[in-house]
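No value in this document is a laboratory result; all are computed from the given coordinates. Remember, it's a predicted structure, so these values are computed and weren't measured experimentally. Neighbour counts run over all protein chains shown; Cβ positions are idealised from the backbone, glycine included.
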Amino acid sequence: MSPLQFVPHNNQPSFYGNAWNVADYNLLVDLTARLALGHYRHVAKILSGSPAVAQAPTSASALVLKHLGPVADEGHRSLRDGWVFQLISWVAAHIGSTGVPLVITIPHSQPAEKGCDAIILSNLSSTPAITICEDKATDNPRKTITSKVWPELRKFESGERDHEIAAEVTALAERFAPGHADQLITTGFWRNDKRYRISIATSNSPTLAASAIFDGYETKVAGDIIRRQAELFLPIGTNLRAWMDAFCSAVCVKVQTL
């Protein structure tokens with residue numbers, strides 16, 4: 001059973017992507033709790049259908065519970081929800097890899113961790129494409145896109161953040177293809193094949209549409225549609241912050257049982 005179900009939205013030629021529905025809430029809670037504890041390899045095995053690897057007990061659960069617990073103010077709520085959504089998005093990336101082993105950066109270990117939300121390498125056996133992930137949990141999706149995501153895309157497209165990407169891509173190549181890591185790194189950057197995966201979690205609304213949220217994507221990232229992926233997570237029938245409060249509470253319970 002998959003924790004998420006994907007429903008494709010049709011916005012060609014501007015962008016492509018899916019809306020995510022929760023198919024198995026308890027499984028999503030379990031996987032998120034394990035990722036929060038740093039057990040990403042265990043989660044990747046579960047999602048690939050492979051035998052899960054045993055994980056050593058962790059003494060960090062108290063800190064994880066502090067990160068996931070009730071928030072003191074909206075600033076801390078935003079950081080917590082953003083981190084949790086990054087973990088959910090990491091799970092979604094694995095589900096969307098459709099049976100192909102996913103080459104992706106390790107999920108962030110705490111809220112407000114700096115750097116790219118995630119980087120995915122595809123076509124690792126020959127000419128790699130670099131997919132840069134932007135994950136946002138927000139009550140104002142369109143404003144977040146225009147004020148936070150578009151400026152970041154400009155930096156990536158101009159090469160301003162290539163030093164960050166180079167470090168992440170190097171680490172991925174060394175992990176997954178150590179025998180020809182140098183070739184992959186050089187080829188990937190000479191080809192400059194950058195792609196983007198923007199994932200937005202927001203409150204569900206009958207009037208909310210991907211076409212409105214991601215409007216103008218093709219003007220920020222030119223070229224073929226394969227460069228512009230747009231994902232939406234809309235928890236059914238509830239406000240995003242209320243959903244996150246309940247979800248984080250359930251994850252805390254699971255962390256305590258692990």
What ranking of D73, D117, D135, D193 emerges when the number of other C-beta atoms within 10 Å of each C-beta is taken as an exposure proxy, fewest first?
-> D73, D193, D117, D135
Classify region 1-95 as rounded, prolate or oblate, taking a ≥ b ≥ c as the square roots of the eigenvalues of its Cα gyration tensor: rounded when a/c is under 1.5, otherwise prolate if a/b is larger than b/c and oblate if not.
-> oblate
Residue-count net charge about A137 - beta-carbon cut-off 14 Å; Lys, Arg +1, Asp, Glu -1 = -2
Dividing the mean separation of Cα pairs under 8 Å (6+ apart) by the residue count of the chain yields a relative contact order in percent of 26 percent
Given the Cα atoms of the chain, and with Rh set as the inverse mean 1/r over their pairs in the Kirkwood sense, what is Rg to Rh to two decimals?
-> 0.95
Computed from the beta carbon distance with a Förster radius of 51 Å, FRET efficiency for Q183 and S211 to the nearest 0.05 stands at 0.80
Would you mind computing, in nm to one decimal, how far apart the modelled labels at N204 and A246 are, each placed 7 Å from Cα along Cα→Cβ?
-> 0.9 nm
Computed label-point distance, nm, for sites Q110 and D224 using a 7 Å Cα→Cβ extension | 4.2 nm
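Loop sites only, by DSSP: take the GluC sites (Glu not before Pro) in the chain that have at most 15 other C-beta atoms within 10 Å and name the longest stretch containing none of them. Working shown, then result.
Numbers: sites that count: E113, E160.
Counting only loop sites that pass the neighbour cut-off, the longest clear stretch is 1-112.
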Project the alpha carbons of region 156-258 onto their principal axes and report the range along each, largest first, in whole Å.
-> 48, 42, 21
